[in-house]
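Here the structure is laid out as structure tokens; the discussion comes afterwards.
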Amino acid sequence: MHYIKRDIESKILSLSQEYACILITGPRQVGKTTMLRQLMSADRNYVTLDDMDERKLAKTDSALFLQLHDLPVFIDEVQYAPELFSYIKIAIDNGAAPGSFWLTGSQAFRMMELAQESLAGRTARLQMPGLSQHEIYGSGTSVPFSVELEALKARKATGAPVGLEGIYQRIWNGSLPGYISGKFTDRNVFYSSYLQTYIDRDVSELVSLTDKFLFQDFIRAAACRAGQMLNIHDIAKDVGVSDDTAKRWLQVLEKSDIIFYLRPYSNNLLKRTVKTPKLYFFDTGLVAYLTRYSSPEILQNGAINGAILENYVVSEILKSYQNNAQDCLLWYYRDKSSHEIDMVMESDGQLHPLEIKRSVNPGNELAGAFAILDKGSVHRGTGAVLCMRPELSAINSENFIVPIWMI
């Protein structure tokens with residue numbers, strides 16, 4: 001087992017020089033605790049609210065809890081004692097030094113509702129994703145993905161080139177540090193345990209589940225549709241639950257950072273666009289496990305090979321922004337005439353269309369679909385086809401061909 005340096009580390013350290021409280025949220029088992037314990041200095045106290053005695057004290061006598069744990073302090077799994085937030089607020093208002101509080105939690109939605117009420121304007125909140133391909137395989141400094149030529153040329157130096165087989169190996173391996181670091185070597189046991197822990201500890205607190213296996217079947221049904229337009233009725237029908245139950249369970253998966261959506265892009269001049277979002281998972285390894293692909297080679301030739309590749313690309317782009325504490329304005333485009341663009345990024349007042357292809361030699365005509373955005377009110381900037389081409393190339397001066405290993 002080895003520690004994998006995280007791209008978000010420098011942002012945490014710099015913000016700790018400015019903010020008294022840093023709040024790190026993210027999915028279960030993405031390495032929040034491991035990273036912060038790696039970063040913390042010898043004078044910082046550590047306490048986890050997984051410890052039931054510490055949790056009880058934090059909930060019943062928050063003032064005493066904070067008196068017992070001197071600043072600076074790292075409080076892990078803070079969502080279990082939301083009573084602490086008002087006392088942390090008091091400490092900050094009384095002049096707590098920058099970096100006094102490091103807080104982490106997995107249930108971001110519930111914790112953030114409480115934290116936003118108590119710590120608004122006093123806390124730097126960072127969303128920590130699973131490992132990016134840059135963290136696992138790359139080198140140098142990570143920056144948010146951009147389709148500007150100079151940025152792409154700089155990005156080329158920080159990636160690790162790999163072909164089609166290598167990309168599907170990365171997709172199949174997933175992004176969870178417990179498996180990637182070598183701490184756990186049996187992949188099936190690892191993901192099975194991950195799912196059971198998630199359902200037992202997170203989901204059971206959110207919904208009344210009389211049949212946990214039914215919810216696991218529901219996650220599997222959703223995974224079969226990763227990278228596709230959301231159809232709640234079809235997922236519900238597969239599992240045998242009502243549409244309302246499926247909608248509620250999808251909200252649970254989204255709020256606990258298992259899935260996310262890309263919303264369709266539209267503006268006042270593009271009136272025929274669809275309204276349905278596309279469904280993605282944060283971890284493609286979990287998708288491959290849930291859909292029962294036993295090897296990357298079988299996955300590469302399987303029925304979901306294109307959809308899971310798209311899922312991987314979208315999630316890697318989002319990670320590059322999250323690891324730099326930046327928002328990513330990302331959509332997809334589809335209209336009622338079936339014109340479609342896999343992704344549309346907005347940056348500096350321009351729209352950047354992106355197409356994802358499994359091919360090594362994608363056709364130049366792919367960029368032709370990008371022109372549909374010219375009908376909108378926001379200027380279209382450079383676009384790109386993200387594919388299996390081994391080297392950075394171009395269709396023309398406005399549209400680049402970018403290897404997926406460079407993201």
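The values are calculated or read from the model by the stated rules, or taken from the named source; none is laboratory data. Computed from a prediction, not measured in an experiment: that's the story for all the values here. Using ideal geometry, Cβ is built from the backbone for each residue, glycine included, and neighbour counts are taken over all protein chains shown. In case anyone asks, the SASA skips ligands and DNA or RNA and just uses the protein heavy atoms, side chains included. Shrake-Rupley method; radii C 1.70, N 1.55, O 1.52, S 1.80 Å.
Within straight cross-link reach of residue 375, meaning Cα distance under 20 Å, which aspartates and glutamates are found once same-chain residues fewer than 8 apart are removed?
Of all the aspartates and glutamates, those that pass the test against residue 375 - Cα under 20 Å, at least 8 places apart if same chain - are 335, 340, 342, 346, 348, 355, 365, 398.
At 1.4 Å probe size, put 37, 122 in order of accessible surface, largest to smallest.
Ranked from most to least accessible, the order is 37, 122.
Can you grab the distance from the C-alpha centre of segment 1-74 to the C-alpha centre of segment 279-337, Å, no decimals?
30
Just to verify a number: FRET efficiency for residue 337 and residue 204, C-beta to C-beta distance, R0 = 45 Å, to 0.05?
0.50
Give me the mean projected area, in nm² to one decimal, of the convex hull enclosing the Cα positions of segment 222-262.
On the way: hull surface 10.8 nm².
Answer in nm², one decimal: 2.7.
Using a Gaussian network for the chain with springs between C-alpha atoms less than 10 Å apart, which of these wobbles most: 52, 343, 388?
Comparing 52, 343, 388 in a Gaussian network model of the chain, the most mobile one is 52.
Here are some pairs, 89/278; 5/59; 275/357; 212/278; which of them have Cα atoms lying more than 29 Å apart in this structure? All intermediate terms of the calculation are to be shown ahead of the outcome.
Numbers: 89/278 38 Å; 5/59 34 Å; 275/357 24 Å; 212/278 26 Å.
Beyond 29 Å between Cα atoms: 89/278; 5/59.
How big is the C-alpha Rg of segment 261-407 next to the rule-of-thumb value 2.2 N^0.38 Å, as a ratio?
Details: Rg = 15.5 Å, N = 147, 2.2 N^0.38 = 14.7 Å.
In units of the globular-protein estimate, segment 261-407 measures up at 1.06.
Tell me, what is the 1.4 Å probe accessible area of residue 389, in Å² to the nearest 10?
For residue 389, solvent-accessible area is about 50 Å².
For a distance above 18 Å, tell me the whole-number percent of Cα pairs in segment 324-407 that qualify. Provide the component values of the computation, followed by the final result.
Numbers: 1434 of 3486 pairs.
Considering segment 324-407, 41 percent of its Cα-Cα pairs are separated by more than 18 Å.
Which number comes out as Rg/Rh for the chain once both Rg and the Kirkwood Rh are worked out on C-alpha atoms? List each step's numbers first, then the result.
Details: Rg = 22.0 Å, Rh = 22.6 Å.
Checking Rg against Rh, the ratio lands at 0.97.
On the first, second and third principal axes, largest extent first, how far apart are the outermost C-alpha atoms of segment 75-183 in Å?
The Cα atoms of segment 75-183 stretch 54, 34, 21 Å along their principal axes.
For the chain, what is the percent of antiparallel DSSP beta bridges, rounded to the nearest 5? Provide the component values of the computation, followed by the final result.
Working: 19 of 47 bridges.
Counting DSSP beta bridges with both partners in the chain, the antiparallel share is about 40 percent.
For segment 62-137, what class follows from the C-alpha gyration tensor (a ≥ b ≥ c being the square roots of its eigenvalues): rounded when a/c is under 1.5, otherwise prolate if a/b is larger than b/c, else oblate?
Details: a/c = 1.97, a/b = 1.69, b/c = 1.17.
Since a/c reaches 1.5 and a/b is larger than b/c, the shape of segment 62-137 is classed as prolate.
Determine ³J(HN,Hα), in whole Hz, for all residues of segment 372-379 in sequence, where each value follows from phi through the Karplus function 6.51 cos²θ - 1.76 cosθ + 1.60 and θ = phi - 60°; x replaces Gly and Pro.
4, 6, 5, 6, x, 9, 9, 4
Taking a ≥ b ≥ c as the square roots of the eigenvalues of the Cα gyration tensor of segment 148-256, is the shape rounded (a/c under 1.5), prolate (a/b larger than b/c) or oblate? List each step's numbers first, then the result.
Numbers: a/c = 2.50, a/b = 1.67, b/c = 1.49.
It comes out prolate by the Cα gyration axes.
If packing is taken as the mean number of other Cβ atoms within 10 Å per residue, what is the order of 87-93, 25-31, 38-44, highest first? Intermediate results must be reported in sequence, preceding the final value.
On the way: 87-93: 18.0, 25-31: 21.9, 38-44: 11.6.
The peptides rank, most packed first, as 25-31, 87-93, 38-44.
Tell me whether segment 262-344 comes out rounded, prolate or oblate; compute the Cα gyration tensor, take square roots of the eigenvalues as a ≥ b ≥ c, and use a/c under 1.5 as the rounded threshold. Spell out each step's value before the answer.
Details: a/c = 3.09, a/b = 1.49, b/c = 2.07.
Because a/c hits 1.5 or more and a/b fails to exceed b/c, segment 262-344 counts as oblate.
Carbon-plus-sulfur fraction of the accessible area of segment 236-335, 1.4 Å probe, in percent? Don't jump to the answer; show the numbers that get you there.
On the way: 1830 of 3980 Å².
Whole-percent figure for carbon plus sulfur exposure: 46.
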